Amino acid sequence: KHYRKAAAAAAAERERERFARGSRMMALRQVAARRALVRAAGATRAFGGYSQPPLSQGEGGKQGLIADDTEQATGREREELKAFAEGKHYFNRQPVQMEKGQGTFQNPVMVPSELHERIVGVIPKGQDGPLWFVVGSDKVHYVPEVDLHFKLYNPYK
């Protein structure tokens, strides 16, 4: 009697596992089909709503040697290192200098960006670390912790 119950339970468990395995395979097939459709539509790499430059990748480290950053860096890090080697700056790391009277709604702190949004950090007096926030190009952004308004502008337009 116990043998029949155990055999029936084992058979039921095998059936559940087979069903679950089939469901996972179906989900994987659906994901693969979606990726194929996206590739077929000619989609480009995108982040933040704008197209990315082509993937930049070096040849890697040499056999028997430890690779340095320039040999193994990829993407934006590689582009930054190449620009640095040429004496150029890939990213603008200059702080935005506020002028007297800036920070109101009528006269916000102007933050340069070629994109439609930018992550900005500000360090309030008496605080060790920055407050981070996203400024979008569509409106003036208010930060209540420092009682200041910020707005994006494109310095190249």
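Figure legend. Inter-residue proximity from the stretch 112-123: first residues of a type in the set (Gly, Ala, Ser), second residues not in a strand (DSSP E or B), beta-carbon distance below 6 Å, spacing 6+ or different chains. Indicated pairs: 121/130.
Identify all residues within the stretch 138-150 that are open to solvent by 70 Å² or more (accessible area, probe 1.4 Å) and touching a Pro at 6+ places or on another chain (Cβ under 7 Å); write none if there are none.
Taking the stretch 138-150 as the starting set, the residues that turn out to be open to solvent by 70 Å² or more (accessible area, probe 1.4 Å) are 138-139, 142, 144-145, 147.
145 - this is the single residue of the stretch 138-150 that is open to solvent by 70 Å² or more (accessible area, probe 1.4 Å) and touching a Pro at 6+ places or on another chain (Cβ under 7 Å).
Residue count for the stretch 99-122, restricted to those that are closer than 14 Å to residue 150 by Cβ, touching a strand residue (DSSP E or B) at 6+ places or on another chain (Cβ under 8 Å) and not polar (S, T, N, Q): 13.
Looking across the stretch 64-111, the residues that are free of Cβ contacts under 8 Å to residues at least 24 places away in the same chain and at positive phi come down to 64, 75, 87, 101. Among (1) in a helix (DSSP H, G or I); (2) modelled with pLDDT of 85 or more, where does residue 64 come up short? Of the numbered conditions (1) in a helix (DSSP H, G or I); (2) modelled with pLDDT of 85 or more, the odd one out for residue 64 is (1). Residues in the stretch 99-124 that are within 18 Å of residue 142 (Cβ to Cβ) and among the charged types (D, E, K, R): 117, 118.
The values are calculated or read from the model by the stated rules, or taken from the named source; none is laboratory data. Computed from a predicted model, the values in this text were never measured in an experiment. We place every Cβ from the backbone using ideal geometry, glycine too, and count neighbours over all the protein chains shown. Each accessible area value is taken on the protein alone, full model and side chains, heavy atoms only, with ligands, DNA and RNA left out. Shrake-Rupley method; radii C 1.70, N 1.55, O 1.52, S 1.80 Å.
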